[in-house]
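Q: Below are the structure tokens for one structure; questions will follow.
Every number here is computed from the coordinates shown, using simple stated rules; none is lab data. Nothing here was measured: the structure is a model prediction, and the numbers come from that model.
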Amino acid sequence: MNLRLMAALGAALMAGPALAAGGAEILKSQCVSCHAVEKPANTSFERLWERKGPDLYYAGSKFNKAWLEKWLQNPERIRPAGELYSRHVKGSDKEDVVDESTMTPHVKLSKADAEAVAAELMKLAAPEGMVEKGAFKGEKVSMSMGAMFFNKLRGCAACHSAKAGTGGASGPELYTAGERLQSDYIYSYIKNPQKIDPHVWMPTLNLAEPDLQRLTGYILQLSASEGK
């Protein structure tokens, strides 16, 4: 074997592993331009208003790993009108409609890269006290009573959809929330949204404990009922 060929083979062997980026490298190269993977020092309303995507520095206490792996390979819009509703809607004769020309598709990852990124994100635990561990007791709830509570008594449907094609568009859809989110995160976010996401426009409802359990249980069960 001549020296030139040996050098070429050596270079290929050295370059090979570098092509398969790890989860941390992918986060750094493709995610941090839109998402905070470290707790930001600036938690002002102005910063919330300007961000391009939700914070991920507590992703390991928020998401389910299996969902992350699946979604990163085939991203589907969770917020019908994007991260900030007012930037992506336009008026019409009847109601505001989403201006699709302003929406930027989320990057798609290969299976291997999605698994690597999901594993890295699951390492990002919420700061102490942000998510109440063991808060949701796991009790099943009546879907009819839950729907009444969600749609009428607490007005969640004004911003969120419990079924595709229904409800509001300014907040994330919740019919896949049971697959997407951890139960204690849902409970904690409903209880005090601003504790997790400072200055976010979701109101603190001041729910009694039974109602917190009921609403969390209903949202978790939506994934199982979707499509039935």
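Q: Please grab the % of Cα pairs in the stretch 143-225 that end up more than 19 Å from each other.
A: Tail of P(r) above 19 Å: 29 percent of Cα pairs.
Q: So which of LYS90/LYS111; LYS111/LYS140; LYS62/LYS163 end up more than 28 Å apart, counting from Cα to Cα?
A: LYS90/LYS111; LYS111/LYS140
Q: Follow-up. Under a 5 Å amide H to amide H cut-off, with H placed in plane at 1.01 Å, what residues pair with ALA125 once short-range neighbours are removed?
A: When sequence neighbours closer than 5 places are left aside, the close amide H contacts are GLY60.
Q: How compact is the stretch 89-228 by the rule of thumb for globular proteins, expressed as Cα Rg over 2.2 N^0.38 Å?
A: Working: Rg = 16.7 Å, N = 140, 2.2 N^0.38 = 14.4 Å.
Relative to the rule-of-thumb radius for its length, the stretch 89-228 sits at 1.16.
Q: Now for a separate question. Taking H as built 1.01 Å from N, whose amide H comes closer than 5 Å to the amide H of LEU181, not counting residues under 5 places away?
A: ASN64
Q: Please provide three numbers in whole Å: the alpha-carbon extents of the stretch 22-121 along the principal axes, with the largest listed first.
A: In descending order, the Cα extents are 48, 32, 23 Å.
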